[in-house]
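The values are calculated or read from the model by the stated rules, or taken from the named source; none is laboratory data. Keep in mind the model is a prediction, meaning the values are calculated, not measured. Here the Cβ positions follow ideal geometry from the backbone for every residue, glycine too, while neighbour counts run over all protein chains shown.
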Amino acid sequence: MAQQAPVNPTIPQNDPAGAAARKAYLETMQQQYEWTDAVPSLPGVPAVKNLPDSEQPSLEWWLMLVGVLLQIHRNDTAAEEALAAKGLASLDPLVLDADKAFVGAVEKLVTSLEQKIAGTKVTKKNIGTVVGEFLEEEAAKAGVAALKDYAAKLISTIEHRAALKAASGASDPRSIDDYREIFKTIDIPAIAYTFQDDREFARLRVAGPNAVLIELVEGSVPASCPITAEQYAAIVPNDTLAAALADGRIFQCDYKDLATIEPGIWNGQAKYLTCPVALFAVPPQSGSLVPIAINCDPSNPACEVITPSTDPDRQWGWEMAKFCVQAADGNYHELFAHLARTHLVIEAVAVATHRHLPDQHPLWALLVRHFEGTLFINWAAAVSLITKGGPIDHIFAGTIESSQATAAKARLSFNFAEGALPANLAARGFGPDSKLADYPYRDDALLVWGAIEGWVRSYVSVYYAADSDVAGDTELAAWGSAIAGAGSIEGFVTPATIADLVQVLTMIIFTGSAQHAAVNFPQKAIMEFAPAVTGALWQQAPDVQGGATKAQWLAMMPPQEMALEQLKVLYLLGSIYYRPLGTYVSPQYPYPQWFQDPAIIGEDGPLARFNAALAGVEQTIVERNANRLHPYTFLLPSLIPSSTNI
């Protein structure tokens, strides 16, 4: 039977008759959800020791995954056929026929399951009643098993396309068109044609995969990128560096936290990475950033400040400097903003929730749907993504050991209170008087944060009448202590008041849903095209700007085999939109509505108001995008999954 939230959730002090049952439930959960900090690929990071069976993804999720894998497989097949047509690869007809038969079987199963699920309907009057032609429960379980098997076989095939690897490794691309050529049946992202534009480079700081690093420069130009007044005046007309600093119009991205990464080697070829500093300005009578300077390697005294230029002798030095920033940004995004500060933070909260909040607790009912798939996908990443020989090892610059250690450090140094969106924006200099008007991530994220905060406040008020109810909740106290203690979440303080509780829950739900969406889905839209954002430099960064060539710039880019792997991995990670924010249904087929408490699901209740608020946010962002030069879609509520499940 599908699991659902209780009809009458209660906090422990209001449920004296159920104390024994609550205790027994938690004892069972604590045996299933054990802590460990010995995951080999994430040293010292608290995680679940063994993945409980209940954390396996749903039938719908597996269908989405297999569907995306089929799209990647089709792109690979088309790429192989194109190489064969050019005489760069030979394909065995028998292997091709077997491959087509296998794909046909997968497609047949996917179509059948999708049609049967579409025919499954759950009535509003009786949640347990299913009407119409539908998928039997046992058939659903069998479907999951078959899809898991097909997914494993598809992944194996995608990872071991021998003809494709041999041909792509035979001659590295030396033109941007060569990188575009690997997109056969997968659409080429728009950034493949705009990434060299300086305005696009600046826009990525506020609307790209890593829009959480840029910060205001206060006082004086940083010593790590000492642009002069003369250099600034040549870049920004009718302005002075002194005036821009005084007005709060100079910003920086400093990648100093990447210093722990030790560059590694792939197939005997050295990879490189620096910790650049990039400066940006908002010109007078403008609200948008323009790039003004880059120091590719502040630790190297020979590195000069490189500035925008179209001079034939200096323009490729500038392009190389931007590429250094993009490689650093790719590492910071993947290890810090994405893996450490969404996936791994939420895992600690999820484990603590299962261990210390019984299934009769209202906060258990609120939170667990926001953890759906997280422990599974984190486990999968730990054993395949960030391991020796995995994509992080291949695509990114560091030795796998140093990348793992850097991600672990990023997670353990994350401060929960300081990471909350309003506090984080203020700390980076983006208060109400910020001169940076064009910051789509900030503006849209605040809308979503507000909608979540309103939902949480309405929900909490149903079960906590006064601050004393929060202070007297012993299960809540144990939960908070576990997150801060065993979970090693710095800056987490157990809520003592209703206001505290609302902020803590808002932060958790926002991080697992909206913040993850903001850093995950640009992987497909932007990062799948390696010349735009990648994980390593394949030639050293320039010390000086003059004399560089286009060939040297291209030589910094990854080999075609690495670009293809990057496309496949990031296309997969950025393509699964499973259960949008505001959707609360059971994780078990046939997925009845999750909440059952009439105080929550009434026609004008908290859940209905939350979904109305999300619809309002959606409309506002759509209207904003109509007036933006480049629409920002990553925080449209309809495109925000409820949980970190990919």
Query - Residues of the range 549-584 that turn out to be farther than 23 Å from Gln539 by Cα and either modelled with pLDDT under 95 or not in a helix (DSSP H, G or I) (or both), as a count - result: 11
Query - Within the range 282-302, tally of residues that are within 33 Å of the chain's Cα centre (by Cα) and part of a loop (DSSP other than H, G, I, E, B) - result: 11
Report task. For residues that are within 14 Å of Ala408 (Cβ to Cβ) and over 9 Å from the mean Cα position of the chain (by Cα), scanning just the range 327-340, find the one that is surrounded by the most Cβ atoms within 10 Å (Cβ to Cβ). Result -> Leu335
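For the range 395-404, enumerate the residues that are part of a helix (DSSP H, G or I) and within 19 Å of the chain's Cα centre (by Cα).
Going through the range 395-404, the residues part of a helix (DSSP H, G or I) turn out to be 395, 400-404.
Ile395, Ser403, Gln404 - these are the residues of the range 395-404 that are part of a helix (DSSP H, G or I) and within 19 Å of the chain's Cα centre (by Cα).
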Query - Test result for Leu279, within 28 Å of the chain's Cα centre (by Cα), in a helix (DSSP H, G or I) and of a type outside the set (Asp, Glu) - result: no
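Name every residue in the range 261-310 that is under 30 Å from Ala246 (Cβ atoms) and among the charged types (D, E, K, R), in order of residue number.
Going through the range 261-310, the residues under 30 Å from Ala246 (Cβ atoms) turn out to be 275-299, 301, 303-310.
Across the range 261-310, the qualifying residues are Asp297, Glu304.
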Query raised in the report: All but one of (1) within 20 Å of Thr583 (Cα to Cα); (2) buried (at least 17 other Cβ atoms within 10 Å of the Cβ); (3) touching a helix residue (DSSP H, G or I) at 6+ places or on another chain (Cβ under 7 Å) hold for Met64; which doesn't?
Result: (3)
Requested in this report: Would you mind finding the one in Val368, Val349 that is free of Cβ contacts under 8 Å to residues at least 40 places away in the same chain, within 30 Å of Ala5 (Cβ to Cβ) and not aromatic (Phe, Trp, Tyr)?
Outcome: Val368
Report summary line: Being in contact with a strand residue (DSSP E or B) (Cβ under 9 Å, 6 or more places away or on another chain), modelled with pLDDT of 95 or more and within 30 Å of Asn300 (Cα to Cα) narrows Ala536, Ala530 down to just Ala536
Report summary line: Going through the range 212-263 in order, the residues found to be at positive phi and surrounded by 13 or more Cβ atoms within 10 Å (Cβ to Cβ) are Gly248
Query raised in the report: Among the residues of the range 195-210 satisfying the criterion of being assigned to a loop (DSSP other than H, G, I, E, B) and surrounded by 22 or more Cβ atoms within 10 Å (Cβ to Cβ), which is farthest from the chain's Cα centre (by Cα)?
Result: Gly208
Report summary line: Checked the range 15-41 for anything without any contact (Cβ under 8 Å) to a residue 24 or more places away in the chain and polar (S, T, N, Q); matches are Thr28, Gln31, Thr36
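Here is a yes/no grid of residues against (1) surrounded by fewer than 23 Cβ atoms within 10 Å (Cβ to Cβ); (2) within 31 Å of the chain's Cα centre (by Cα); (3) in a helix (DSSP H, G or I):
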site: Asp444; (1), (2), (3): no, yes, yes
site: Leu447; (1), (2), (3): yes, yes, yes
site: Ala451; (1), (2), (3): no, yes, yes
site: Val456; (1), (2), (3): no, yes, yes
site: Tyr459; (1), (2), (3): no, yes, yes
site: Val462; (1), (2), (3): yes, no, yes
site: Ala465; (1), (2), (3): yes, no, no
site: Asp469; (1), (2), (3): yes, no, yes
site: Ala477; (1), (2), (3): yes, yes, yes
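Here is a yes/no grid of residues against (1) under 25 Å from Ser586 (Cα atoms); (2) assigned to a helix (DSSP H, G or I); (3) out of contact with any Asp or Glu (no Cβ under 7 Å at 6 or more places or on another chain):
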position	(1), (2), (3)
Gln4	yes, no, yes
Ala20	no, yes, yes
Met29	yes, yes, yes
Ser41	no, no, yes
Asn50	yes, no, no
Leu63	yes, yes, no
Val66	yes, yes, yes
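Any idea which of Leu581, Leu564, Leu629, Leu570 is crowded, with 20+ Cβ neighbours inside 10 Å and either among the basic types (Lys, Arg) or free of Cβ contacts under 8 Å to residues at least 60 places away in the same chain (or both)? It would help to see each step written out before you state the result.
Values: Leu581 fails: either among the basic types (Lys, Arg) or free of Cβ contacts under 8 Å to residues at least 60 places away in the same chain (or both); Leu564 fails: either among the basic types (Lys, Arg) or free of Cβ contacts under 8 Å to residues at least 60 places away in the same chain (or both); Leu629 fails: crowded, with 20+ Cβ neighbours inside 10 Å.
The match here is Leu570.
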Requested in this report: Could you please give the count of residues in the range 350-371 that are buried (at least 22 other Cβ atoms within 10 Å of the Cβ) and not in a helix (DSSP H, G or I)?
Outcome: 3
Query raised in the report: So Asn295 fits all but one of (1) in contact with a Gly (Cβ under 6 Å, 6 or more places away or on another chain); (2) under 29 Å from Lys435 (Cβ atoms); what number is the exception?
Result: (1)
